[in-house]
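Reading through the structure tokens given below for one structure.
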Amino acid sequence: MDRTLQACRTLRSSALGLIKSGLHPSVISIDTCNRIVRQVCFTKAFFGCELWTEITNTEILLLERAQRYVCKSIQGLPRQTRSDMVNALIGWKSAESYIDERKLLFLGKLVLMKDSMLPKQIFLTRAMEFKYNCVKHQLGFIPYIHRILVNYRLSDFDTYLSTGHFPTYIQWKKKVKVAVQETEESLWRFRTQIDKDFKFFSRIHTLSKGLHPAWTFSRKHPLLIEQCRFIVNLCTLTRPYEEPFFLCDKCGRFFGDITIHIVLSCETFQSKRDKFWCDLIDIGPIEFSAYLHSLTDEDFLACILSCHTDFDLNEDERTMFQKACITNIYWMCAT
Ligand SMILES: [Zn+2]
């Protein structure tokens, strides 16, 4: 337990230290901040995790909490935001899968080590003891990695013990990353499909899409970081399940979803809405604005909040669309 508590403390303190030293999300793009945190804080906090065994569920929970805290801090999102949303917006997998991936890559290095080296000989002896049940209640790296291999449906190590064949390190690394990503995505889908809070969010963004387009956009347009963060924050809002009606104090009409009301129907924002549509009409062919106009209210909102459209646009037009969404939604909803 001590090593886990130490890892959690290191992860939190090193990430906050980086933020306080100037890598604040309001100054630097999230993409850059994300890379630095992954390469510096994660490497430091999870140093030697390849050899951690018998990790209990409580320890996993502590590590996940520490990771969520860092994930929310670097994106500048409120602490109450749903964790599966926060992780998906930046493309982060769970802390458990991060440790599993490191262990699997370490296994690849052990297997591909020269046969004459002592660590390889000890490893093979213990692996054979486990395979043929020579030791009762064997503990340590081998039984733990066996459970991980079963979880990710990787059979290469069993094949290696039987035939001596194992992929090259590059092939193994690719295979591990794909297996971990697929398992994480299916778990994320399973968790979010049964949760009403994710009904609208999964139309905007999913774990498989990686970084939210607004975060990618902020890398090339640093002056619009605040607007980008506002859009991402808006994506994480939990929408009403049914249609409760609230009274708008600006136009005096009832509404269900506040964002749909402001962007699509509130009379107070008519001039800003006209400007937004002028910007959208300026992008690409006229068929694009006709396509946007044909969408239902919810589909249109999902499209502009995701800053992504299925319509075939070229690179410049796609950037113009993202900029129009980010600046106009901020202008309408935040001011
Ligand atoms: Zn209104």
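Points to keep in mind about this one:
- Looking only at the stretch 29-40, and only at residues there that are surrounded by 20 or more Cβ atoms within 10 Å (Cβ to Cβ) and aliphatic (A, V, I, L, M), the one that is farthest from Lys93 (Cα to Cα): Ile30
- Residue selected from the stretch 255-281 under the condition among the acidic types (Asp, Glu) and more than 10 Å from the ligand (Cβ to nearest atom), by the criterion surrounded by the most Cβ atoms within 10 Å (Cβ to Cβ): Asp257
- Any helices (runs of 4 or more DSSP H) falling wholly within the stretch 151-269 and containing at least 2 residues that are in contact (Cβ under 8 Å) with a residue 24 or more places away in the chain and closer than 23 Å to Gly108 by Cβ: 156-163, 169-193
- Total residues in the stretch 17-53 satisfying the condition of being over 11 Å from Ala66 (Cβ atoms) and assigned to a helix (DSSP H, G or I): the figure is 20.
- Restricting attention to the stretch 75-106, the residues that are under 17 Å from Gln39 (Cβ atoms), buried (at least 19 other Cβ atoms within 10 Å of the Cβ) and touching a His at 6+ places or on another chain (Cβ under 9 Å) total 1.
- Members of the stretch 16-28 that are surrounded by 16 or more Cβ atoms within 10 Å (Cβ to Cβ), out of contact with any helix residue (DSSP H, G or I) (no Cβ under 6 Å at 6 or more places or on another chain) and closer than 10 Å to Ile225 by Cβ: Ile28
- Restricting the stretch 160-207 to residues that are at pLDDT 90 or above and small (Gly, Ala, Ser) leaves a set whose member that is nearest to Ser306 (Cα to Cα) is Ser186.
- In the condition set (1) of a type in the set (Val, Ile, Thr); (2) touching a residue at least 24 places away in the same chain (Cβ under 8 Å); (3) assigned to a helix (DSSP H, G or I), Thr81 is compliant with all but (3).
- Just one of (1) farther than 21 Å from Thr319 by Cα; (2) surrounded by fewer than 16 Cβ atoms within 10 Å (Cβ to Cβ); (3) among the acidic types (Asp, Glu) fails for Glu226. It is (1).
The values are calculated or read from the model by the stated rules, or taken from the named source; none is laboratory data. All values reported here derive from a predicted model rather than from experimental measurement. Cβ: placed from backbone, ideal geometry, glycine included. Neighbour counts: every protein chain shown.
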